[in-house]
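S.K.: There's a structure below that I have some questions on.
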Amino acid sequence: MLKLTNPLYYPASLFIGGTLLVLGVRFLKIPNLIILPGAIAATLISAAALKAQEPNAQKTAQQQLEQEIQTLKISGHNLAQKADTLRTEANQILAADAANFDLLVRVQEVCDRTLELPRKLETAAQRIPQRESLLSVNELHQQLLEVKTKIRSSAGTAQQQLEKLAASLARNIELAEAGKDTRQAQLVNLHTIVQDSAGTLQQLQNKLRTADLKNSQDIQELQRLSTELNQYQSHVDVLI
């Protein structure tokens, strides 16, 4: 059903109504009492029709949101596949020497945790409101409080990661309190974590392939990268 629309926003509808009026009066000699209401009706109907043809902003935003959620899921699955490959390589490289047992366990654990990412992202996608555009301000405050608690007990790279996440959550709270849509920001947070995780996992894989396992500095670097990758998975837990 067409909705009444202000024709001033649609010049084409004014042109249609004006043309009909001129044709009716000058050429067809239709009385003003008949042609004038007809011209007005034509103007209003054409304006409503033009408006109906415009893309619905809410529908378009929803479609874009669904596409981005799907992209996020695909990224999560790709990362999980890479983690599975890394787990296999770690077993082949580290299992031969008992001295590397602790490092092997650490890499296996972080890979196992990364393998859970697709399930976590599926949960997060379901929690991102499909009809309600606003995330609970209380929920955002709870997430921010949890992140700030982790910041106090962290240092170095981990602290930097958490501070970035805290800043992002604070912006989300501002959006929510202003009555604006926070779903896009939520997806950006998750997508950033997935991309950062992928980068760290690649570094860990590269280092594992080239490391001198008798060199303590190489072992420490492998441990650091494993810890960093594990921390990213903790960030996902906070957001879901």
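S.K.: Using the basic label-point model (7 angstrom from Cα toward the beta carbon), what is the LEU23 to GLN70 distance in nanometres?
M.R.: Once both label points are built, they end up 4.4 nm from each other.
S.K.: Only helical DSSP H runs with n ≥ 4 go in: add -39500 (n - 2.57) per run for the chain, normalise by residue count and round the 222 nm mean residue ellipticity to 500 deg cm²/dmol.
M.R.: Helix contribution divided over all residues of the chain: -27000 deg cm²/dmol.
S.K.: Also, quick follow-up: Which log10 I(q)/I(0) values does the stretch 170-240 give at q = 0.12, 0.17, 0.19, 0.22 Å⁻¹ under the Debye formula, counting every alpha carbon as one identical point scatterer?
M.R.: Each listed q maps to, in turn, -0.46, -0.69, -0.77, -0.91.
S.K.: What spacing in nm lies between the two simple spin-label points modelled at GLU89 and PHE101, each 7 Å away from Cα in the Cβ direction?
M.R.: According to this spin-label approximation, the distance is 2.5 nm.
S.K.: Using the alpha-carbon atoms, what tilt in degrees (0 to 90, nearest 10) does helix 11-22 show relative to the longest principal axis of the chain?
M.R.: For helix 11-22, the angle is close to 10 degrees.
S.K.: Are any of the pairs LYS51/LYS164; LYS73/LYS150; LYS120/LYS214; LYS73/LYS214; LYS51/LYS73 more than 32 Å apart by Cα-Cα distance, and if so, which?
M.R.: From LYS51/LYS164; LYS73/LYS150; LYS120/LYS214; LYS73/LYS214; LYS51/LYS73, over 32 Å: LYS51/LYS164; LYS120/LYS214; LYS73/LYS214; LYS51/LYS73.
S.K.: Tell me the angle of helix 183-210 to the major Cα principal axis of the chain, expressed in degrees between 0 and 90 and rounded to the nearest ten.
M.R.: 30
S.K.: Rounded to whole Å and sorted largest first, list the principal axis extents of the Cα atoms in the chain.
M.R.: In descending order, the Cα extents are 102, 35, 24 Å.
S.K.: Something else: Mind pulling the angle between the C-alpha long axis of helix 32-53 and the longest principal axis of the chain? Nearest 10 degrees, somewhere in 0 to 90.
M.R.: Roughly 10 degrees between the two axes.
S.K.: Place +1 on the Cβ of every Lys and Arg and -1 on the Cβ of every Asp and Glu in the chain, take the dipole about the Cα centre, and give the residue among GLN202, ILE40, SER234 whose Cα lies farthest towards its positive end.
M.R.: It is ILE40.
Here, each number is a calculation from the coordinates, and none is a lab measurement. Predicted model only: the values in this text are computed from it and were never measured. With ideal geometry, Cβ positions are generated from the backbone for all residues, glycine too; neighbour counts draw on all protein chains shown.
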